[in-house]
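Student: Input: one structure, supplied below.
The values are calculated or read from the model by the stated rules, or taken from the named source; none is laboratory data. Note that the structure is a prediction, hence the values are computed from the model and not measured. Note that we place each Cβ from the backbone using ideal geometry, even for glycine, and neighbour counts take in every protein chain shown. When the accessible area is computed, the model is the full protein with side chains, heavy atoms only, and any ligands, DNA or RNA have been set aside. Shrake-Rupley method; radii C 1.70, N 1.55, O 1.52, S 1.80 Å.
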Amino acid sequence: MVETMNTAELDAIAQKMVADGKGILAADESTGTIQKRFDAIGVENTEDNRRDYRELMFRTTPAMRDYISGVILFDETIRQKAKDGTPLVQLIEAAGAIPGIKVDAGAKPLPFCPGETITEGLDGLGGRLKDYYKLGARFAKWRAVIDIGAGIPSYTAIRANAHALARYAALCQENQIVPIVEPEVLMDGDHDIARCYDVTEWTLKTVFEELYYQRVRLEGMVLKPNMIVPGKKSASKVAVEEVAEKTVRVLKACVPSAVPGIAFLSGGQSDEEATAHLDAMVKQGGLPWKLTYSYGRALQAAPQKAWSGKAENVGAAQSAFTHRARMNSLAALGQWSAEQERKQAA
Ligand code: 13P
């Protein structure tokens, strides 16, 4: 146990991040990733356009107030000001949500492991976390990427990524910041759901072992995993109930109940799939942790399309965001239904 750490405060932030009916907006796309999103809607990737887009999201009330517990930001965004000069961080705080920050430096090729990556960014991280705390961040995110393919993942990749995640998490907690621990097993391949289950189990077991060795306080963190789904290029179609059953099963086998909450990534699922899967898991009941969303694409695809870079579309984009956030909030409470989705959209 680290003496300097205020554990009560740390745990309280973690619990607030997964409060009932609330989830996390992952708006931490790097400049390169937001380029892909803007390309899809024909918007030029300028600093002003990135600011305008984030500002419209963070000003969306009541969605931000009622359905979003925290927002993950990119380095540029945590320093950016709205058009009227208000720091974007203040807009988030004014809505009652917690500002967070992506602190990893991205997934880079892992030596001697073709097709695999290691997430970088540990050097100097303690100092950067101190700066981010001063800028208002109370939680952070680090994403490790595990790809499934012929002969991969390797032990090397899983072990190295889990170790880095644990080093990051310990540095966060020492600096009074709640770590979101994100080991993402990608859904890009042609593998079936059983292989996703096995690789995710291996990954999570290793991550929690490393968290233990790095003395990370489980009560003061949030896990951000993938769901158990077949690869996107696989022909198999799997029922919502099967995804929910397998995902809960692997989490129960790997995630200690000291962890207050699990906030899923959407990982390329459609908006409605991501919502339906979460809802089905929560409906199972009897879970030892909160389950909620920390979606990027599954919360933002609709508002991005509605906005398309035009000031006159800001209202429509905010409505689209509110709708998606509300559907996911209902799912996190186990109260969503496909009928409700259509009724709300009408
Ligand atoms: P997606 O929900 O689009 O997978 O993004 C979540 C995220 O933060 C990935 O790191």
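Student: From the mean inverse distance of alpha carbon pairs (Kirkwood) and the Cα radius of gyration, derive Rg over Rh for the chain. Write out the running numbers ahead of the final one.
Tutor: On the way: Rg = 18.9 Å, Rh = 20.1 Å.
Using Cα coordinates only, the ratio equals 0.94.
Student: Sort Glu174, Glu184, Glu242 from largest to smallest accessible area, using a 1.4 Å probe on the heavy atoms of the protein chains. Could the numbers behind the result be given before it?
Tutor: Details: Glu174 100, Glu184 10, Glu242 65 Å².
From most exposed to least exposed: Glu174, Glu242, Glu184.
Student: Check Trp336: other-chain or 5+ apart residues with amide H under 5 Å from its amide H, H built from backbone geometry?
Tutor: Ala331
Student: What are the residues whose amide H is under 5 Å from the amide H of Gly106, where those residues sit 5 or more places off or on another chain and H is modelled from the backbone?
Tutor: Glu120
Student: Here is a follow-up. How much mean residue ellipticity at 222 nm does the chain get from its helices, if each DSSP H run of length 4 or more adds -39500 (n - 2.57) and you divide by all residues, to the nearest 500 deg cm²/dmol?
Tutor: Rounded to the nearest 500, the figure is -15000 deg cm²/dmol.
Student: Which ³J(HN,Hα) values in Hz, rounded to whole numbers, follow from the phi angles of region 181-188 under the Karplus curve 6.51 cos²θ - 1.76 cosθ + 1.60, where θ = phi - 60° and Gly and Pro get x?
Tutor: 9, 10, x, 9, 8, 5, 9, 7
Student: Between region 283-309 and region 16-40, how far is it from one alpha carbon centroid to the other, in angstrom?
Tutor: Cα centroid of region 283-309 versus Cα centroid of region 16-40: 9 Å apart.
Student: In the chain, with Lys and Arg counted as +1 and Asp and Glu as -1 at Cβ, which of these residues, Ile146, Leu223, Gln15, has the Cα nearest the positive end of the dipole, that is, farthest along it?
Tutor: Gln15
Student: Now a separate question. For Ser236, what accessible surface area do you get with a 1.4 Å probe? Give it in Å², rounded to 10.
Tutor: 50
Student: On the accessible surface of the chain, probed at 1.4 Å, how many percent belong to carbon and sulfur atoms? Intermediate values should be presented prior to the final figure.
Tutor: On the way: 7200 of 14090 Å².
Here it works out to 51 percent.
Student: Related question: In the chain, what percentage of the DSSP-assigned beta bridges are antiparallel, given to the nearest 5? Please list the in-between numbers first.
Tutor: Values: 5 of 34 bridges.
If we restrict to bridges inside the chain, about 15 percent are antiparallel.
Student: Using amide H atoms built in the peptide plane, which far-off residues or other-chain residues are under 5 Å from Thr117 H to H?
Tutor: Amide H neighbours of Thr117, under 5 Å, 5+ apart: Leu110, Asp147.
Student: Which whole-number value in Å² is the accessible area per residue of region 195-346, probe 1.4 Å? List each step's numbers first, then the result.
Tutor: Details: 6210 Å² over 152 residues.
Result: 41 Å² of accessible area for each residue.
Student: Sum up the charges of everything whose Cβ sits under 13 Å from the Cβ of Ile98, counting Lys and Arg as +1 and Asp and Glu as -1, but leave Ile98 out. Could the numbers behind the result be given before it?
Tutor: Details: positive: Lys16, Lys22, Arg65, Arg138, Lys141; negative: Glu9, Glu93.
Overall, the nearby charge balance is +3.
Student: In whole Hz, with x marking every Gly and Pro, tabulate ³J(HN,Hα) for region 128-133 from phi via Karplus 6.51 cos²θ - 1.76 cosθ + 1.60, θ = phi - 60°.
Tutor: Running phi through 6.51 cos²θ - 1.76 cosθ + 1.60 with θ = phi - 60° gives 5, 5, 4, 5, 5, 4 Hz.
Student: To continue, here is another question. Let's test this: bin the Cα-Cα distances of region 204-346 at 5 Å from zero up to the farthest pair and state each bin's percent.
Tutor: With a bin width of 5 Å, the distribution comes to 2, 9, 17, 20, 17, 14, 10, 6, 3, 1, 0.
Student: So in region 142-235, what percent of DSSP beta bridges are antiparallel if you round to the nearest 5? Walk me through the numbers on the way to the answer.
Tutor: Numbers: 1 of 8 bridges.
The antiparallel fraction comes to roughly 10 percent.
Student: Ordered by residue, what ³J(HN,Hα) values in Hz, to whole numbers, does region 258-270 give under the Karplus form 6.51 cos²θ - 1.76 cosθ + 1.60, where θ = phi - 60° and Gly and Pro are x?
Tutor: 5, 5, x, x, 10, 10, 6, 8, 8, x, x, 5, 5
Student: Ok, one more. Could you work out how far apart the two model spin labels at Glu120 and Ala8 are, taking each label as a point 7 Å from the Cα in the direction of the beta carbon, and quote it in nm?
Tutor: 4.2
Student: Gly21: net charge of surrounding residues, Cβ under 14 Å, Lys/Arg +1, Asp/Glu -1, itself excluded? Let's see the in-between values first.
Tutor: Working: positive: Lys16, Lys22, Arg65, Lys290, Arg326; negative: Asp20, Asp66, Asp279.
Once positives and negatives cancel, what remains is +2.
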